[in-house]
Amino acid sequence: MSDIKILAIDFGERRIGLAIGDLENKIATPLKTIKNISYESILKEISLIVEEWEINQIVIGIPESYPDQNINKQITNFSKILRKKLKIDVILFNEDFSSNYAQSDLASQMKAGRKKKINKEEIDRIAATIILQSYFENEIFKRANTGITSKD
């Protein structure tokens, strides 16, 4: 199978959640959260991660429900900068409500007895993980969709 390693990014105006995974195993894992101070600092940190983890592709979540939002313009611009700087494939992937799902998941863990307090950095990492896991599931469905139905 493929040995493509992917970095997922949940881009926010204050923080950026990161997750990693590969196309062979299709399991997303939270990595870290970085502060969104400047594109220069973000690019430096992401470049180090790409090198260390031998990343071949980046998936950036972009909310499609509200296409005219300022954050969408920032994400699109950031993806172009990443593509140019790192010279690897950068994919924009629908991430509608990934942060809400992350918060909901963590709240469920609290109800189930989780002791550790939930912080915003963790929510961002989990949101990046949800984006990447959704991307993997989308890839599985695309490959499974051959256009042949059970009636054919």
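The values are calculated or read from the model by the stated rules, or taken from the named source; none is laboratory data. Computed from a predicted structure; not experimentally measured. Heads up, the Cβs are rebuilt from the backbone with ideal geometry, glycines too, and the neighbour counts pull from every protein chain shown.
Summary table
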read-out: The listed residue being in contact with a helix residue (DSSP H, G or I) (Cβ under 6 Å, 6 or more places away or on another chain), in contact (Cβ under 8 Å) with a residue 24 or more places away in the chain and within 18 Å of VAL90 (Cβ to Cβ), out of ILE60, ILE6; value: ILE60
read-out: Among residues of segment 51-73, those that are touching a strand residue (DSSP E or B) at 6+ places or on another chain (Cβ under 8 Å) and exposed (fewer than 13 other Cβ atoms within 10 Å of the Cβ), counted; value: 2
read-out: Pairs where the first residue, in segment 27-54, is free of Cβ contacts under 8 Å to residues at least 24 places away in the same chain and the second is assigned to a loop (DSSP other than H, G, I, E, B) and surrounded by fewer than 15 Cβ atoms within 10 Å (Cβ to Cβ), C-beta under 8 Å, 6+ apart; value: LYS35/ARG14
read-out: Enumeration of residues in segment 50-85 that are within 16 Å of ILE4 (Cβ to Cβ), assigned to a loop (DSSP other than H, G, I, E, B) and either among the β-branched types (Val, Ile, Thr) or in contact with a Pro (Cβ under 8 Å, 6 or more places away or on another chain) (or both); value: ILE55
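Let's see how each residue does on (1) surrounded by fewer than 16 Cβ atoms within 10 Å (Cβ to Cβ); (2) in contact with an Asp or Glu (Cβ under 7 Å, 6 or more places away or on another chain); (3) modelled with pLDDT of 90 or more:
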| position | (1), (2), (3) |
| --- | --- |
| ILE75 | no, no, yes |
| LYS80 | yes, no, yes |
| LYS84 | yes, no, yes |
| TYR101 | no, no, no |
| ALA107 | yes, no, no |
| ARG114 | yes, no, no |
| ASP124 | no, yes, no |
| ILE131 | no, yes, yes |
| GLU137 | yes, no, no |
